[in-house]
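Notes for the one structure printed next.
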Amino acid sequence: MEAKFLSLEGVEGVGKTTNLKFIAEYLTQAGISVVTTREPGGTPIAEKIRGLLLDHNEEVLANESELLLMFAARAQHLQQVIKPALAAGHWVVCDRFTDASYAYQGGGRAFGVEDIAWLEGFVQKGLTPDKTILLDLQVELGLKRAASRSTPDRFESEQKVFFENVRAVYLQRAKAEPERFCVVDASHTVEQVQQHIATYLDELLNHG
């Protein structure tokens, strides 16, 4: 089977880390060679950029700088990890990708779609995920879950309206590209969420 590029998306607290591990294990058991990674990050340089983006810095990070840093990390990630893995026949499962830029910088920071689309074209040259699993959850519940697990990072410290806008863009994108997106209700139990994901992965494995 041809290597596929899968991304996992969602607002804070939806359970991406837990379900990324589940997806990787499920595919591995099906005989698929899997590379898991994350954004921003995935390479030593991209992880340094992640630190700039997520840490509470003394200097306020300009929104324009945030958007450019996201794509700088993505460019490094694509060249060093994603493209080589796909070329070698591995499936890539990534915790967030460019949909997150449209959601967080487009929805949250109110950047125009055209600016993000230009950067997407410049950096990715047409490479996008084959399939995207969107873990959807009410913002209030997601933030409660996130706050219970760790100290909020720079993004997690944003106001609720920021995340409402992020979620809205994610759902808009899922509606616009139903062939690529699988929307999973993340308010259910972990077992129910993973059963939904497993059903979707079975379809992908059986029908491509």
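Readers should treat all values here as calculations from the given coordinates under stated rules, not as data from a laboratory. If you're wondering where the values come from, they're calculated on a predicted model, not measured in any experiment. Counting neighbours? That spans all protein chains shown, and the Cβs are built from the backbone with ideal geometry, glycine included.
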Please turn the phi angles of region 179-187 into ³J(HN,Hα) values with the Karplus equation 6.51 cos²θ - 1.76 cosθ + 1.60 (θ = phi - 60°), one per residue in order, whole Hz, x for glycine and proline. 6, 8, 8, 10, 8, 10, 6, 7, 7
Would you pull out the residues with amide H under 5 Å of residue 181's amide H, same chain only if 5 or more places away, H placed 1.01 Å from N? 132
Using the Karplus equation 6.51 cos²θ - 1.76 cosθ + 1.60 (θ = phi - 60°), what ³J(HN,Hα) coupling, rounded to whole Hz, does each residue of region 87-92 give in order, writing x for Gly and Pro? 5, 7, x, 7, 7, 10
Checking the table 16/144; 4/48; 83/131; 4/125; 4/83; 144/175 against a 21 Å threshold on Cα-Cα, which pairs fail? 4/48; 144/175
Vicinal HN-Hα couplings computed from phi for region 125-131 (Karplus, 6.51 cos²θ - 1.76 cosθ + 1.60; Hz; Gly/Pro x): 6, x, 7, 9, x, 6, 9
Rounded if a/c under 1.5, otherwise prolate or oblate - region 112-208, Cα gyration tensor axes: oblate
Non-local residues with an amide H under 5 Å from the amide H of residue 93, with H modelled 1.01 Å from N and Pro and chain starts lacking one, are 6, 35, 36, 37
Which longest run of the chain has no exposed loop site in it, a site being GluC sites (Glu not before Pro) in a DSSP loop with at most 12 other beta carbons within 10 Å, and the site itself not part of the run? 60-178
Would you mind getting the Kirkwood hydrodynamic radius of the chain from its Cα pairs, rounded to one decimal in Å? 17.4
Give me 136, 202 ranked fewest to most by other Cβ atoms within 10 Å of their Cβ, as a rough exposure proxy. 202, 136
